[in-house]
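K.L.:
There's a structure below that I have some questions on.
The values are calculated or read from the model by the stated rules, or taken from the named source; none is laboratory data. In this text, all values refer to a predicted model and were calculated from it rather than measured experimentally. Ideal geometry is used to build each Cβ from the backbone, glycine not excepted, and the neighbour counts take in all protein chains shown. For the accessible areas, the whole protein counts, side chains as well, though only heavy atoms, and no ligand, DNA or RNA atoms are used. Shrake-Rupley method; radii C 1.70, N 1.55, O 1.52, S 1.80 Å.
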Amino acid sequence: MNAARIAAQEADSLVIVTPTIASSRSSHKPGRVVSERKRSCRTLVAMPAYNEEKYIAKTIVGARTYADRVLVVDDGSTDDTDAIARALGALVVRHETNRGYGGALQTIFAAARASGAEELVVIDSDGQHNAEDIGKLLAELRKGNDVVIGSRFLDGNDGGIPAYRKVGMKVLDKATTMAGTRLAVSDSQSGFRAYGKRAIDAIHLSGEGMSAGSEILIQISDHHLQVAEVPVRVRYDIEDTSSQHPVSHGVGVLINIVKLVSCRRPLFFFGIPGFLLFAFGVGLEIYAFSEHYRINQFHYILFTGGMSALVLGLLLITAGMILFALIEVLRGQDTQMARTPTSITVKAPPSSVPAPPEESGDEMR
């Protein structure tokens, strides 16, 4: 999916709210956006949030120490997450329906570009991440890196991670590497990251699931961005930090990563199994005919199995070649679309003497 289509989807599905103008929303026509004077923002700290009323206040307060602006993407919460975030002065972007972690990250990156942010820090709002670690990520980012990942596996910080989670994370790390990241990172699934200006402009997510972290790493690798890691601690003693069971969550992420591999590397994903099946089929056919000539006995089962393997192998190889050609065409179109400027309007808190609002032509639901 190209960048223009993503921006259009974001514009069609967001209700944008800010603390200082929330009470006056009813004075505007439904589906219209108030366009306000753009304010510069060097450091934006953003967090996806879904029913996080228990912990979001502490995270916002901690993030404000390091941020020019704090952004909360309320992903269809049914509790007081939205109200608490606005009361604490955060910029709130609300999804009318739950779009998932990837959908929230799409909105975060779009908002970062719209606000002109030079630095973007993404942190979980569920209390697992320590907001004080934001300073460590920003310090490393300002050394010239494009992306900094808060790793749970550096300096022996993985002591509190349950064993089954460690195994699952390592499996996902390997799968992400197979997707073609070419990045030597210790924690590919960390949601605590800092992005510089180059990364903010380069990353355009297409998926809405939890595999968005892996998709980001793939795009980072594609754009040859400089990546660094810093050690962070993550709490696992907090209840109700995920709406999914860790095992089902991990399986879902793995399936999505496999889909990414099939789309990004179709010759590898389909071609190698196809070649192996084809070779296996040839072997079976040779054996079946050699046995026929040697002892005058024909193995129909081996012959049928060999032919099936041959046909299936050829089909997989052909599918890989066709998909590879189609993906190359789509990548060329995406490159052209990426060069075309796209915009998304985000309302920022007005100054003490706001300019008279003007209605923008951007439609938002």
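K.L.:
Looking at (1) among the polar types (S, T, N, Q); (2) part of a helix (DSSP H, G or I); (3) in contact with a strand residue (DSSP E or B) (Cβ under 8 Å, 6 or more places away or on another chain), which one does residue 106 not meet, given that it meets all the others?
P.N.:
(3)
K.L.:
So residue 279 passes all but one of these: (1) touching a residue at least 24 places away in the same chain (Cβ under 8 Å); (2) hydrophobic (A, V, I, L, M, F, W, C); (3) closer than 30 Å to residue 206 by Cβ. Which condition number does it fail?
P.N.:
(3)
K.L.:
So which residues in segment 263-303 are open to solvent by 80 Å² or more (accessible area, probe 1.4 Å) and either of a type in the set (S, T, N, Q) or touching an Asp or Glu at 6+ places or on another chain (Cβ under 7 Å) (or both)?
P.N.:
296, 297
K.L.:
Please verify whether residue 77 is at pLDDT below 95, of a type outside the set (A, V, I, L, M) and touching an Asp or Glu at 6+ places or on another chain (Cβ under 8 Å), treating the condition exactly as stated. Before you say what the answer is, go through the steps one by one.
P.N.:
Values: at pLDDT below 95: yes; of a type outside the set (A, V, I, L, M): yes; touching an Asp or Glu at 6+ places or on another chain (Cβ under 8 Å): yes.
Considered against the rule, which asks whether it is at pLDDT below 95, of a type outside the set (A, V, I, L, M) and touching an Asp or Glu at 6+ places or on another chain (Cβ under 8 Å), residue 77 comes out as yes.
K.L.:
Show the residue pairs that are 6+ apart or on different chains and have beta-carbon atoms under 8 Å apart, the first residue being within segment 321-342 and under 27 Å from residue 116 (Cα atoms), the second being modelled with pLDDT of 80 or more and surrounded by 12 or more Cβ atoms within 10 Å (Cβ to Cβ).
P.N.:
Pairs that qualify, where the first residue is under 27 Å from residue 116 (Cα atoms) and the partner is modelled with pLDDT of 80 or more and surrounded by 12 or more Cβ atoms within 10 Å (Cβ to Cβ), are 338/204.
K.L.:
Output the residues belonging to segment 155-203 that are within 18 Å of residue 255 (Cβ to Cβ) and at pLDDT 75 or above.
P.N.:
188, 189 - these are the residues of segment 155-203 that are within 18 Å of residue 255 (Cβ to Cβ) and at pLDDT 75 or above.
K.L.:
Let me ask you something else. Looking only at segment 279-303, count how many residues are more than 29 Å from residue 268 (Cβ to Cβ) and part of a helix (DSSP H, G or I).
P.N.:
12
K.L.:
Which condition breaks for residue 98 when tested against (1) open to solvent by 20 Å² or more (accessible area, probe 1.4 Å); (2) touching a Gly at 6+ places or on another chain (Cβ under 7 Å); (3) closer than 21 Å to residue 141 by Cβ?
P.N.:
Unmet condition: (3).
K.L.:
Name the single residue, out of those in segment 125-156 being acidic (Asp, Glu) and outside any helix (DSSP H, G or I), that is farthest from the chain's Cα centre (by Cα).
P.N.:
Keep residues of segment 125-156 that are acidic (Asp, Glu), which gives 126, 132-133, 140, 146, 155.
Filter once more, so that each one left must be outside any helix (DSSP H, G or I): 126, 146, 155.
Details: 126: 18, 146: 17, 155: 26 Å.
Filtering segment 125-156 for residues that are acidic (Asp, Glu) and outside any helix (DSSP H, G or I), the one farthest from the chain's Cα centre (by Cα) comes out as 155.
K.L.:
Applying the selection to segment 70-87, what residues are assigned to a loop (DSSP other than H, G, I, E, B) and open to solvent by 50 Å² or more (accessible area, probe 1.4 Å)?
P.N.:
Across segment 70-87, the qualifying residues are 78, 80.
K.L.:
Being more than 25 Å from residue 264 (Cα to Cα) and open to solvent by 50 Å² or more (accessible area, probe 1.4 Å) is the filter; apply it to segment 304-321 and report the residue that is nearest to the chain's Cα centre (by Cα).
P.N.:
Looking at the filtered set, the residue picked out is 308.
K.L.:
So which residues in segment 99-122 are more than 18 Å from residue 76 (Cβ to Cβ) and under 13 Å from the mean Cα position of the chain (by Cα)? Reasoning before the result, please.
P.N.:
Our first condition is that a residue be more than 18 Å from residue 76 (Cβ to Cβ); within segment 99-122, this holds for 109, 112-122.
Answer for segment 99-122, where residues must be more than 18 Å from residue 76 (Cβ to Cβ) and under 13 Å from the mean Cα position of the chain (by Cα): 109, 122.
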